[in-house]
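Before any comments, here is the structure.
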Amino acid sequence: MRHKNKVRQLGRTHSHRKAMFNNMVTSLFEHERIVTTKEKGKELKIISDKLITRAKNNIDIPETETGKKLHNKREVLKVVKDRDVLKKLFEDIAQRYISRKGGYTRMYLLGTRAGDAAEMAIVELVERRKPEASVKSAETKKDGKKEKKEKKDKKEK
């Protein structure tokens, strides 16, 4: 029986599990949405919510106590392996959830994977931003249409 055993082992060693979740959390904060299995997603939600809470608490610390702010960043840096993602977490993501008390991530179940019938899920941040690439491509398309119109107007003159 597994009484009081909270660790989801997922058929992996401790070091493999730790590395896998470090990479998954980094990807989640970078892309704000990832597709994974249901069990990994459950564990990922727990880990990511704790990191967002730590980043959010860093906002309330006054500027005079830089040691505490640095400590929080270093603790999160143990898990998040990319400094750009760390910056995004502390400056952008934590600001979004300043009024929220918890539940920063959600999980949608997708069904089973074809290869091994594993239950798949999407894990995403609740107040997710639209990907910048699609916004830029939409603006480029609009600008392209304007340029074509301007060229036609010049030809007519």
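The values are calculated or read from the model by the stated rules, or taken from the named source; none is laboratory data. Values in this document were obtained by computation on a predicted structure and should not be read as measured data. Reconstructed Cβ throughout: ideal geometry from the backbone, glycine too, with neighbour counts over all protein chains shown.
Every residue, every condition in (1) touching a helix residue (DSSP H, G or I) at 6+ places or on another chain (Cβ under 6 Å); (2) at pLDDT 85 or above; (3) not assigned by TED's automatic domain parsing to the domain that holds Ala19, yes or no:
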residue	(1), (2), (3)
Ile61	yes, yes, no
Thr66	no, yes, no
Asp92	no, yes, no
Gln95	no, yes, no
Tyr108	no, yes, no
Lys154	no, no, yes
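Yes/no per residue for (1) under 16 Å from Asp82 (Cβ atoms); (2) over 11 Å from the mean Cα position of the chain (by Cα); (3) crowded, with 16+ Cβ neighbours inside 10 Å:
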{"position": "Asn22", "(1), (2), (3)": "yes, yes, no"}
{"position": "Phe29", "(1), (2), (3)": "yes, no, yes"}
{"position": "Val35", "(1), (2), (3)": "no, yes, no"}
{"position": "Lys40", "(1), (2), (3)": "no, yes, yes"}
{"position": "Lys45", "(1), (2), (3)": "no, no, yes"}
{"position": "Leu51", "(1), (2), (3)": "yes, no, yes"}
{"position": "Asn57", "(1), (2), (3)": "no, yes, no"}
{"position": "Asp60", "(1), (2), (3)": "no, yes, no"}
Worksheet item: Restricting the search to the range 111-123, which residues are part of a strand (DSSP E or B), in contact with a Lys or Arg (Cβ under 8 Å, 6 or more places away or on another chain) and either not acidic (Asp, Glu) or not assigned by TED's automatic domain parsing to the domain that holds Arg100 (or both)?
Response: Met120, Ala121, Ile122, Val123
Worksheet item: Across the range 36-77, what is the total count of residues that are among the polar types (S, T, N, Q), under 19 Å from Val126 (Cβ atoms) and in contact (Cβ under 8 Å) with a residue 24 or more places away in the chain?
Response: 3
Practice prompt. For the range 12-23, indicate whether the set of residues that are closer than 20 Å to Arg128 by Cβ and among the aliphatic types (A, V, I, L, M) is non-empty.
Written response: no
Item to complete: May I ask you to list the residues in the range 39-73 that are hydrophobic (A, V, I, L, M, F, W, C) and farther than 30 Å from Ala118 by Cα?
Response: Ala55, Ile59, Ile61, Leu70
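A quick yes/no check of all residues on (1) more than 21 Å from Lys42 (Cβ to Cβ); (2) surrounded by 14 or more Cβ atoms within 10 Å (Cβ to Cβ); (3) more than 18 Å from the chain's Cα centre (by Cα):
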{"position": "Val80", "(1), (2), (3)": "no, yes, no"}
{"position": "Asp84", "(1), (2), (3)": "yes, no, no"}
{"position": "Lys88", "(1), (2), (3)": "yes, yes, no"}
{"position": "Asp92", "(1), (2), (3)": "yes, no, no"}
{"position": "Ile98", "(1), (2), (3)": "yes, no, no"}
{"position": "Gly103", "(1), (2), (3)": "no, no, no"}
{"position": "Met107", "(1), (2), (3)": "no, yes, no"}
{"position": "Ala114", "(1), (2), (3)": "yes, no, yes"}
{"position": "Glu119", "(1), (2), (3)": "no, no, yes"}
